[in-house]
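What follows is a set of notes on a single structure, which appears directly below.
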Amino acid sequence: MKKFYNITLLFICFFLINGCGYKPIFSKERINFFINEIEFSGDRKINRLVNQNFYSYKENSTKQQGDEINLKISSKKNTTVASKDSSGDPNSYILNIQVDLEVFNNSNTIFEKSYSKQTSYNKFEKKSDQINYEKKLYTNLVKQTVDEIILNLIEKLNDN
């Protein structure tokens, strides 16, 4: 009896999950644009990471039909000391990145937006560990920013 109950429950859960209409946010069906050109200014590391994350949306990497857009991206990074110990040495830091985006096609501006992400972290005993951790944080913040940019592009361009 218990085995029959478990099998029935499994089938019910399967049909409920299967019929919910789930679609991935970044599915190719929702993306009706491709990036023709990106113009960068500002922090070179941020720009390199942004360019890598946008690769699959570029014209030469996809045969996708849709609106052709151009991007102007200006970026900057700022690391500040959040707290110090009694001898004046830093204990924690705040890493902040800012990306200003302008989206246009045929010299008509579609929209402009500024994205800012920040995180804090504590000082490490080894400088090499701290540098590696900063790189990971930096990469994650840029990835989050690019994901937010792509969602805004999908939203804005599907409205037009």
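Which lysines does residue 58 reach when only Cα atoms under 28 Å apart count, and residues fewer than 8 places away in its own chain are ignored? By straight Cα distance, residue 58 reaches 23, 28, 45, 72, 76, 77, 113, 117, 135, 136, 143, 156.
Rank these by accessible area, largest first, 1.4 Å probe: 57, 5. Don't jump to the answer; show the numbers that get you there.
Working: 57 20, 5 140 Å².
Ranked list, largest accessible area first: 5, 57.
Please check the chain for the longest run free of GluC sites (Glu not before Pro) that are loop-located per DSSP (anything but H, G, I, E, B) and have at most 15 other Cβ atoms within 10 Å. For GluC sites (Glu not before Pro) (loop position, at most 15 other Cβ atoms within 10 Å), the longest site-free span of the chain is 30-124. Using only side-chain charges placed at the Cβ, +1 for Lys and Arg and -1 for Asp and Glu, the dipole size of the chain relative to its Cα centre rounds to 740 debye. Considering only the Cα atoms of the chain, their convex hull presents on average a projected area of 16.0 nm². With the full set of protein chains in place, find how many percent of the accessible area of the chain is carbon and sulfur; take the probe as 1.4 Å. Accessible surface attributable to carbon and sulfur in the chain totals 50 percent. Put +1 on the Cβ of every Lys and Arg and -1 on every Asp and Glu Cβ in the chain; which of 82, 122, 57 then has its Cα farthest towards the positive end of the dipole? So the residue furthest toward the plus end is 122.
Would you calculate, for the chain, the mean residue ellipticity at 222 nm contributed by helices, counting each DSSP H stretch of 4 or more residues as -39,500 (n - 2.57) and dividing by all residues, to the nearest 500? Value at 222 nm, helices only, nearest 500: -13000 deg cm²/dmol.
The values are calculated or read from the model by the stated rules, or taken from the named source; none is laboratory data. Only a predicted model underlies this, so the values are computations on that prediction, with no experimental measurement involved. FYI the Cβ positions are ideal-geometry reconstructions off the backbone, even for glycines, and counts take in every protein chain you see. Just the protein is used for accessible areas: all its heavy atoms, side chains included, with ligands, DNA and RNA removed. Shrake-Rupley method; radii C 1.70, N 1.55, O 1.52, S 1.80 Å.
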